[in-house]
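The structure appears right after this line, and notes come after that.
The values are calculated or read from the model by the stated rules, or taken from the named source; none is laboratory data. These numbers were taken from a predicted model, which means no experiment stands behind them. Every residue, glycine as well, gets a Cβ built from its backbone with ideal geometry; the counts of neighbours run over all protein chains shown.
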Amino acid sequence: MTAEKPVLRVLLCAPRGFCAGVVRAIDAVERALEMYGPPVYVRHEIVHNKYVVEGLKAKGAVFVEELDEVPAGTAAPVIFSAHGVARSVPEDAARRNFFAIDATCPLVTKVHREATVHYKRGREVVLIGHAGHPEVIGTMGQLPEGAVSLVETAEQARLFQPRDTGNLAFTTQTTLSIDDTAEIVAILRERFPAMVAPHKEDICYATTNRQEAVKRVAPEVDAMIVVGAPNSSNSQRLREAAERAGCRHAALVQRASEIDWERFGAITSLGVSAGASAPEVLVEEILDAFAERYTLAVETVHNAHEDVFFPLPRQLRSDAAE
């Protein structure tokens, strides 16, 4: 006789998963494949999710890290990822006569524009973000070398020495920890009261909503799973938010095969969220894996309603093909 499976209370965070910028970027690649046929070249992972990237590869997308990997003279579209690129990248594409399509998230483009305006007004720009992340590379690359000072931590904020303390402005990466960023900004503002802030918060709505949902659920559960990729900034911040909110065990996993059953095999409650670049099918895969070992009692915890939509890049809209 088969033993009865223990009951597992599952709290699903909402919102979770894809944001409007990610949907737009993935749709841009799929639309380009429909309109122009394969191959379509994509500079960097269109979004940080292996499942998504592999799915697009199977349809004919070719992912490259630099434009010199794209064959010279190709007529195929070359798409820039959602994370944004330095100003030199579209300039290089134009020199090579590539058909370039920019799938940068509009909320990242907003940060680029802010940094450019501050620079034109003679301000030193402070960028709060993580060194080496594609979004940070792209934002810093909007301005001449040395024009942007990167601050990653509260400690760096305390030590930062600007050229002119009365002529500063700051912007941030869109996928940061809300709490970490607030601490860094508070330190900088205390030290430099005249520092100019963004007109509207740079950390995007999706990052904010997903972190707030995780903070609500994390104290209520024995363990938490965040579905997402290790190179996804917003996914890593969700895992950290769960731990800080009191969840004893939070893990970032890409697929069900990565679940550590020694750690997740004796719990009575589980929280589940997903980073902004993780598709819902992977959340379902995780739930199916738990359903093999537990009888699931699933509840959805709603924290915010999202109805943001970004139109496709101009070259990919239906009227562009007419």
Taking segment 1-28 and keeping only residues that are among the aliphatic types (A, V, I, L, M) and not in a helix (DSSP H, G or I), one is left with MET1, ALA3, VAL7, LEU8, VAL10, LEU11, LEU12, ALA14
If VAL226 meets every condition in (1) surrounded by fewer than 24 Cβ atoms within 10 Å (Cβ to Cβ); (2) without any contact (Cβ under 8 Å) to a residue 60 or more places away in the chain apart from one, which number is that one?
(1)
Is there a residue being assigned by TED's automatic domain parsing to the domain that holds THR181 and in contact with a strand residue (DSSP E or B) (Cβ under 6 Å, 6 or more places away or on another chain) anywhere in segment 92-100?
no
Being under 25 Å from the mean Cα position of the chain (by Cα) and under 21 Å from ALA14 (Cβ atoms) narrows it down to one of SER269, SER277, SER257, so name that one.
SER277
Counting only helices (runs of 4 or more DSSP H) wholly inside segment 96-207, the ones holding at least 3 residues that are within 30 Å of TYR36 (Cα to Cα) and either modelled with pLDDT of 95 or more or under 21 Å from the mean Cα position of the chain (by Cα) (or both) are 106-120, 134-140
Can we say ARG31 is within 30 Å of GLU280 (Cβ to Cβ), outside the structural domain of SER233 (by TED's automatic domain parsing), outside any loop (DSSP other than H, G, I, E, B) and not aliphatic (A, V, I, L, M)?
yes
Pairs returned, first residue in segment 60-81 that is at positive phi, second residue that is assigned to a loop (DSSP other than H, G, I, E, B) and at pLDDT 95 or above, beta-carbon separation under 8 angstrom, 6 or more apart or interchain, are GLY60/GLY37; GLY60/PRO38; GLY60/PRO39; GLY73/ASN97
Taking into account only those residues within segment 268-322 that are of a type in the set (A, V, I, L, M, F, W, C) and part of a loop (DSSP other than H, G, I, E, B), which is surrounded by the fewest Cβ atoms within 10 Å (Cβ to Cβ)?
PHE309
